[in-house]
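Below is one structure, written out as structure tokens; the observations come after it.
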Amino acid sequence: MLAKTLLALGAFASFAEQAIVLPSEYHLNVVRDETDVKQPVEVALNLELDAGHEPTTDETANEVPRALAAQGDDNGNNATVASMSFSKRGMVFNDAGMANALGGACQKCGWGWNWDQTPNGFDGRFSFVPMLWGDRPVHTNRWAANAQRAIQNGAKAFLSFNEPDNGGQSNMTPEAAAEAHIRYMNPYAGKVKIGAPSITNSGAPNQGVNWLNAFFRACNGRCRVDFCPVHWYSDAQWADTLITHINSASKACGGKPVWLTEFAPTGGDVNGFLRKMLPKLDGLGSLDAYSYFMVSQGRLMSGGRSLSSAGQLYATL
């Protein structure tokens, strides 16, 4: 019995030392034809919310909005973009109608994003954050026009590439991502806050924070970055590794803020996870924004425009 106990403790310690990326059958897949210029659609298996519902693409602890002060680039140059502030809590969605319904009930929700460059019906009361999903022409050819339009419409931040450390997502080397970031994101420095590429929570070589460190080495001071977005998926029992992941990313980001743009437990008590983690995220100084995965049926919604029990927690806790 003692030997089994020691073995179990050793396994726990090994797991806790590194965040684990989801197996491929759970991770997100972009449904996109390379000739299609409509928004990317992200889908995943049900993450234990309202079991039996499949994802669809059909049509308050004390709130302390954080002012995101202008930050300089890696060469020490001061950015001129005005300070912005909105609630930490945001919404990641495919269906803008669902996001609008959740936002209407969520007093602490102040922003949203959808893996795309345009809001596609997202309510203008919320700050929309466009993303340049990858470096292929289907994304980059329309970026300049959409980025300029977003700024004219009041956008305060841009998201760079989606999980370049994941072969199933934008799948870019740190070197390629650095060059593309300089080309497509740097021109907007001083106009909006610019995010680094969004990383997974894998602890494997060339993934997660390891990838992010390599990205900044490849940048060699040339990339304009104001914050670092991260994703996290794991069983609810490993919830505390989420905080570790955020703090590790902040260190890799040179102490700049982190945005947690995707996170969810892959198993366990989802509502218990939200009750435990939302207050921690609200109070975490290294975190400026977060959005739970995701506003869709079977997760934060339970059908039509109704909130699931998790959605009700997200809207009111």
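Assorted remarks:
- A simple packing score, the average count of other Cβ atoms within 10 Å per residue, orders the peptides 243-253, 117-127 as 243-253, 117-127, with the highest score first.
- With the simple spin-label model, which puts each label point 7 Å out from Cα in the Cβ direction, the K280 to S309 separation comes to 2.1 nm.
- Based on C-alpha pairs under 8 angstrom that are at least 6 apart in sequence, the range 116-166 has a relative contact order of 44 percent.
- Added length on full extension, which subtracts the Cα-Cα distance from 0.36 nm per residue, T244 to Q152: 29.4 nm
- FRET E, pair I182, T316, Förster distance 25 Å, beta-carbon r, rounded to 0.05: 0.05
Quick note: the coordinates plus some simple rules give every number you see, no bench work behind them. Treat the numbers as computed from the prediction; the structure is a model and nothing was measured. All Cβ positions, glycine included, derive from the backbone under ideal geometry; neighbour counts span all protein chains shown.
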